[in-house]
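Engineer: If you scroll down you'll find the structure; I have some questions about it.
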Amino acid sequence: MTQMTIDDLFEENEIEPVHREIIFSPGELASQGIKWTNKDAERWEKQVWQVYHRERREHGKFITWFQAIEIYKSERYSFPKSGGKK
């Protein structure tokens, strides 16, 4: 059995993400049959922490780690077509 990459998954399912820098959690990668590395986990964690700190800075509210994950997941497909992040 060969491991799929994210690009393989997109091609197989004819999915075109809105932004190519979408980062999937290790759990999401594993559930799709994609082998993940510690680097993938670190990138995921970095993105979630950015959401966590942004919510604190911009809205003055504390959120949980799980809320930050849900916010990131909801935002990762809504990046503008220009390729820039919100």
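Rule-based calculations on the coordinates, nothing more; no lab input. Here the structure is a predicted model, which is why all the values come from computation and not from measurement. FYI the Cβ positions are ideal-geometry reconstructions off the backbone, even for glycines, and counts take in every protein chain you see.
Engineer: Look through segment 20-50, keep the residues that are in a helix (DSSP H, G or I) and aromatic (Phe, Trp, Tyr), and return whichever of them is surrounded by the most Cβ atoms within 10 Å (Cβ to Cβ).
Structural biologist: 44
Engineer: Take segment 51-80 and flag every residue that is touching a residue at least 24 places away in the same chain (Cβ under 8 Å) and in a loop (DSSP other than H, G, I, E, B).
Structural biologist: In the first step, residues of segment 51-80 are kept if they are touching a residue at least 24 places away in the same chain (Cβ under 8 Å); the result is 51, 69, 72, 75-79.
If the condition is that a residue be touching a residue at least 24 places away in the same chain (Cβ under 8 Å) and in a loop (DSSP other than H, G, I, E, B), then 76, 77, 78, 79 are the ones that fit.
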